[in-house]
Amino acid sequence: MAKDTGKALNTGWDDIVLVCAKCERKLKGGFGPSGKKDLSKVLARALDEQGARIGVVETLCLDVCPRGGVTALLASRPGRFSVIREGTPVEDALAALDLDEAQSG
C-alpha cells in the first residue's frame, strides 16, 4: 500500500515574497512607521491593503547576510535577490522587489 504523502493546498497567491528570517532577527525590527516592525510583517500588511495576491513567507538563511538590511526575493524570480535596508519605506521596499511588474504580469 502506498504511503500517504500529504496533499496539495491552494494558497490563492499568484506569487510569494521570501524574506530571510535570520536577517530579520539580527535587525530586531527596523521597518514601518515606528521602525520596530519586521520587514515581513510590513510587506504582508501593505500587500494585503493593496489587495495583491502575493504572500510573504519567512525562510531560513539565504546566505547573503547584508549588514543593516534584510534579504528578500520573489519566488518567481529566484535569480534576483533584493537587500532592503533598515528604515526603508514600505513603498520603496515593494519597488525594490519589482512587485509592480509581478502584479501586472
The relative contact order of the range 15-104, taking Cα pairs under 8 Å that sit 6 or more residues apart, comes to a percentage of 35
Using alpha carbon centers only, the range 42-64 is separated from the range 8-41 by a whole-angstrom value of 5
Most packed first (mean Cβ within 10 Å per residue), the peptides 12-23, 51-62 order as 12-23, 51-62
Singleton cysteines, the chain, no second Cys beta-carbon under 4.7 Å -> CYS61, CYS65
Check: in the chain the Lys pairs 8 or more apart or on separate chains whose Cα atoms fall under 29 Å apart number 10
By the mean-Cβ-within-10 Å protection proxy, highest first, 40-47, 83-90 rank as 40-47, 83-90
ARG85 and LYS41 label points (each 7 Å along its Cα→Cβ direction) are spaced in nm at 2.4
Note, the range 63-71: 3J(HN,Hα) by Karplus (6.51, -1.76, 1.60, θ = phi - 60°), whole Hz, Gly/Pro = x, goes 6, 9, 6, x, 7, x, x, 10, 8
Taking the chain, the equivalent ellipsoid from its C-alpha gyration tensor has semi-axes in Å, biggest first, of 25, 17, 13
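Read-outs throughout are calculated quantities, based only on the coordinates presented, and are distinct from any laboratory measurement. Here the structure is a predicted model, which means the values were calculated and not measured. Quick reminder, even Gly has a Cβ in these numbers, built from the backbone with ideal geometry, and neighbours come from all protein chains shown.
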